Amino acid sequence: MQVSVDRDRCCSSGLCVMNAPAVFDQDDRDSLVMVRQIVLLPAQFDEVRLAAELCPGRAITVTGDEPARTGA
Ligand code: SF4
């Protein structure tokens, strides 16, 4: 499973960082999301799916071998 983000849709809520701090971070300059880890470990799948579901900007997309879900 892999994760990507659309920074144009990010509204800097920080929810993704709270849900998956090893995967997401926020840019010090503009507070927009940054991906720290593109390829996910199986133990991270659920927290990243949750982050995508809760993202208010629908900015997070997860893809891969597991059934894919997107924030869109
Ligand atoms: S949860 Fe969504 S809107 Fe909030 S910081 Fe993360 S990517 Fe941006």
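Data for the structure
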item	result
Residue pairs meeting the criteria (Cβ under 9 Å; at least 6 apart or on separate chains; first farther than 13 Å from V3 by Cα and modelled with pLDDT under 55, in the stretch 55-72; second of a type in the set (F, W, Y) and in a loop (DSSP other than H, G, I, E, B))	none
The stretch 1-35, residues that are closer than 14 Å to V62 by Cα and either surrounded by 14 or more Cβ atoms within 10 Å (Cβ to Cβ) or without any contact (Cβ under 8 Å) to a residue 24 or more places away in the chain (or both)	M1, Q2, V3, V5, D6, C16, A20, V23, F24, V35
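Each row is one residue, and each column tells you yes or no for (1) more than 13 Å from the ligand (Cβ to nearest atom); (2) at pLDDT 95 or above; (3) out of contact with any helix residue (DSSP H, G or I) (no Cβ under 7 Å at 6 or more places or on another chain); (4) not in a loop (DSSP other than H, G, I, E, B).
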residue: S4; (1), (2), (3), (4): no, yes, yes, yes
residue: S13; (1), (2), (3), (4): no, yes, yes, no
residue: C16; (1), (2), (3), (4): no, yes, no, yes
residue: S31; (1), (2), (3), (4): no, yes, yes, no
residue: M34; (1), (2), (3), (4): no, yes, yes, yes
residue: D46; (1), (2), (3), (4): yes, yes, yes, yes
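The values are calculated or read from the model by the stated rules, or taken from the named source; none is laboratory data. Keep in mind that this is a model prediction, so the values were computed, not measured. Cβ sites come from the backbone with ideal geometry, for glycine too, and all protein chains shown count toward neighbours.
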